[in-house]
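The values are calculated or read from the model by the stated rules, or taken from the named source; none is laboratory data. Treat the numbers as computed from the prediction; the structure is a model and nothing was measured. Cβ sites come from the backbone with ideal geometry, for glycine too, and all protein chains shown count toward neighbours.
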Amino acid sequence: MSDPFRLAVQQLARFPGVGERTATRYAYWLLRQTPEAAEQIASAIQGLKASVHECAVCCDLTEREVCARCLDVRRDAGLICVVERPQDVRAIDGSGEFKGRFHVLHGALSPLDGVGPEDLRIRALLRRIGTSAPPGEQPRECILAMDPDVEGDATSLYLARLLKPLDVRVTRLAHGIAVGTEIEFADRVSLARAFEGRREIA
């Protein structure tokens, strides 16, 4: 393979779930496209990185300073669902069961991977629930929607200890979601049952 082709394969292989064979197939596909199509793909990727950032309130990804969900007055400001990743927001919203607001941590506690509390958006969450919350928007319940795995359990327990003194009810999704399943890939029925059976963390 020529150097430009090899470089393209190496970069395409950086995508999650894409190995060298799939990256090679993508590279050959790109070579068959018109120059305009290749430029549009490159421009879209550059624009994604340049214009998408974290919401100033919930830390979800948005093009605005504050995302549409945080600005939606029809959503219950007293309910905050805490998730690990932005894609979890889409999965839960798609279930149609949750009408509150979200908070995205951008990860879960994982000491073995070097991910500690300071690497997550925990301070922003505490600001939303603490005394700095806007009048009329003091949350009454915080739903922890972590993945049902070791990291998710550790993160939920850590957050529960931090949130309990703030006079807010802390619950966690019931295990309607199979252990080991990421929320992003859970089906709608499992998500709905998980919300219905959520329970308070002791």
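See the values below:
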{"quantity": "Test result for ALA23, at pLDDT 95 or above, part of a helix (DSSP H, G or I) and surrounded by 12 or more Cβ atoms within 10 Å (Cβ to Cβ)", "calculated": "yes"}
{"quantity": "Residue check for PHE98: in contact with a helix residue (DSSP H, G or I) (Cβ under 6 Å, 6 or more places away or on another chain), closer than 19 Å to ALA56 by Cβ and not acidic (Asp, Glu)", "calculated": "no"}
{"quantity": "Cβ pairs under 8 Å, 6+ apart, first in the range 80-105 and closer than 18 Å to THR171 by Cβ and touching a residue at least 60 places away in the same chain (Cβ under 8 Å), second surrounded by 24 or more Cβ atoms within 10 Å (Cβ to Cβ) and polar (S, T, N, Q)", "calculated": "GLU84/THR155"}
{"quantity": "Enumerated helices (runs of 4 or more DSSP H) restricted to the range 27-124, each holding at least 3 residues that are crowded, with 18+ Cβ neighbours inside 10 Å and in contact with an Asp or Glu (Cβ under 8 Å, 6 or more places away or on another chain)", "calculated": "86-95"}
{"quantity": "Single condition ALA174 does not satisfy, out of (1) more than 17 Å from HIS103 (Cα to Cα); (2) surrounded by fewer than 17 Cβ atoms within 10 Å (Cβ to Cβ); (3) out of contact with any helix residue (DSSP H, G or I) (no Cβ under 7 Å at 6 or more places or on another chain)", "calculated": "(3)"}
{"quantity": "Selection from the range 7-17 of residues that are under 21 Å from the mean Cα position of the chain (by Cα) and surrounded by 11 or more Cβ atoms within 10 Å (Cβ to Cβ)", "calculated": "PHE15"}
{"quantity": "Within the range 177-191, tally of residues that are touching a residue at least 24 places away in the same chain (Cβ under 8 Å), surrounded by 14 or more Cβ atoms within 10 Å (Cβ to Cβ) and either closer than 13 Å to GLU97 by Cβ or within 14 Å of the chain's Cα centre (by Cα) (or both)", "calculated": "6"}
{"quantity": "Which numbered condition ALA174 misses (of (1) out of contact with any Gly (no Cβ under 6 Å at 6 or more places or on another chain); (2) hydrophobic (A, V, I, L, M, F, W, C); (3) outside any helix (DSSP H, G or I))", "calculated": "(1)"}
{"quantity": "Qualifying residues in the range 1-20 (those that are charged (D, E, K, R) and part of a helix (DSSP H, G or I)) - the one nearest to PHE102 (Cα to Cα)", "calculated": "GLU20"}
{"quantity": "Complete set of residues in the range 114-150 that are of a type in the set (A, V, I, L, M) and either modelled with pLDDT of 90 or more or under 17 Å from the mean Cα position of the chain (by Cα) (or both)", "calculated": "VAL115, LEU120, ILE122, ALA124, LEU125, LEU126, ILE143, LEU144, ALA145, MET146"}
{"quantity": "Residue check, ARG161 at pLDDT 85 or above, surrounded by fewer than 21 Cβ atoms within 10 Å (Cβ to Cβ) and closer than 23 Å to VAL115 by Cβ", "calculated": "yes"}
{"quantity": "Restricting the range 68-103 to residues that are of a type in the set (Asp, Glu) and farther than 15 Å from GLY152 by Cβ, the residue that is nearest to the chain's Cα centre (by Cα)", "calculated": "ASP93"}
